Amino acid sequence: MLTTNSETAVIIEKTFSLLFSASLFHLLYSLFFVFIMKNSIEQEKFNPWNYKPWWCQPWSILMTGIAIISGSWLVFRIVWLTLIISIPILVWMGFFLVIWPKLMAESRM
């Protein structure tokens, strides 16, 4: 069974969309567990987010990163461009959502 270029493009686009949404879901679930569930268990520990303004809270960092990555895909529909845009955004999110709070907590001990 032969497929045309347009059918192949549609299949590739749907596959990328499914992978993209699945990875975002996994990222959101992981971050939810790390920040919400872990913080609810360890309430008495130092919370570095109490010292940051509203625009630098985990929810705003997540929403900004997801909006930029999703927006790049919705506007350009080019996989390699979305990946190039995604890499520094994901590094930025990883630093401020995972590494920075750990460094702050360790420096307070």
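General remarks:
- Among the residues listed as Thr3, Thr8, the single one being modelled with pLDDT of 65 or more, surrounded by 10 or more Cβ atoms within 10 Å (Cβ to Cβ) and hydroxyl-bearing (Ser, Thr, Tyr): Thr8
- Residues (more than 29 Å from Lys52 (Cβ to Cβ) and exposed (fewer than 12 other Cβ atoms within 10 Å of the Cβ)) located in the range 78-105: Trp80
Every residue, every condition in (1) touching a helix residue (DSSP H, G or I) at 6+ places or on another chain (Cβ under 8 Å); (2) outside any helix (DSSP H, G or I); (3) at pLDDT 95 or above, yes or no:
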residue	(1), (2), (3)
Ser23	no, no, no
Leu28	yes, no, no
Phe35	yes, no, no
Trp49	yes, no, no
Leu81	yes, no, yes
Ile84	no, no, yes
Ile89	yes, no, yes
Glu106	no, no, no
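- Flag if Val98 is of a type in the set (Val, Ile, Thr) and either touching a Phe, Trp or Tyr at 6+ places or on another chain (Cβ under 6 Å) or at pLDDT 95 or above (or both): no
The values are calculated or read from the model by the stated rules, or taken from the named source; none is laboratory data. These numbers were taken from a predicted model, which means no experiment stands behind them. In this analysis, Cβ positions are derived from the backbone assuming ideal geometry, glycine residues included, and neighbour counts consider all displayed protein chains.
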